[in-house]
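*Asks:* One structure follows; several queries about it will come next.
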Amino acid sequence: MTEAKAQDRPDGRDPETVSRFVENFAAQLVEAGVPRMPARVFAALLASDAGTLTSADLGEQLRISPAAVSGAVRYLAQVHLVSREREPGSRRERYRVHSDQWYEALTNREAIIKRWEDALREGVSSLGPDTPAGRRLAETLAFFEFIEQDVAGMMERWRVYCAKAFGEG
């Protein structure tokens, strides 16, 4: 697309430039362990001005099937990175990424970490704290306990930072 055509668009952005960002950021997420399709869908939502897109929008932009969109959104909803909402007056769903998606994803991980800690405590008790496996589990438990304390403090600092920087939190 030429620069003049990009300027004619309501958002003034070149779709090829947006696509390059989406694919590059998605590749970074994949490197970090996020499955490829959810990474691409998340990056596309993140790059949209409204922060919402329909399945058809995502399919067209990313050149993927409705089934691929559905599977990606299901994964992203499970890890609390997107939410589903009905389009007013329609049966179509829109998928939304929120400005606090990282905060939500991390704070929802706390419940998972607590369950892991409980399972690790049981493992240490079952395997014996003086066995090599028990010591390894105890060290893993200590790591999660340490991370949990640090994440709680970090999230509080984040709320304060957001309130100052963006007027929210």
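*Asks:* Give the long-range amide H neighbours of R94: residues separated by 5 or more places, or on another chain, with amide H under 5 Å away, using H modelled in the peptide plane at 1.01 Å from N.
*Replies:* E85, R86, E87
*Asks:* Here's something else I'd like to know. Which of [x] 59; [y] 43; [z] 49 is the computed percent of Cα pairs over 22 Å apart for the structure on display?
*Replies:* Among [x] 59; [y] 43; [z] 49, the one calculated here is [x].
*Asks:* Using amide H atoms built in the peptide plane, which far-off residues or other-chain residues are under 5 Å from V82 H to H?
*Replies:* Correct list: A77.
*Asks:* Based on the Cα gyration tensor of the stretch 90-169, what are the three equivalent ellipsoid semi-axes, each the root of five times an eigenvalue, rounded to whole Å and given largest first? The partial results should precede the final answer.
*Replies:* On the way: eigenvalues 258, 68, 9 Å².
Semi-axis lengths for the stretch 90-169 are 36, 18, 7 Å.
*Asks:* Expressed as a whole number of Å, what is the distance separating the alpha-carbon centroids of the stretch 101-146 and the stretch 43-89?
*Replies:* Rounded to whole Å, the Cα centres lie 33 Å apart.
*Asks:* Moving on to the next point. Write down the Kirkwood hydrodynamic radius of the stretch 70-116, to one decimal in angstroms, obtained as one divided by the mean of 1/r over all alpha carbon pairs.
*Replies:* Values: mean 1/r = 0.0850 Å⁻¹.
Result for the stretch 70-116, one decimal place: 11.8 Å.
*Asks:* In terms of the Cα gyration tensor, with a ≥ b ≥ c the square roots of its eigenvalues, is the stretch 6-87 rounded because a/c is under 1.5, prolate because a/b exceeds b/c, or oblate?
*Replies:* In terms of gyration-tensor shape, oblate.
Bear in mind these aren't lab numbers, they're just calculated from the coordinates by the rules spelled out. These numbers were taken from a predicted model, which means no experiment stands behind them.
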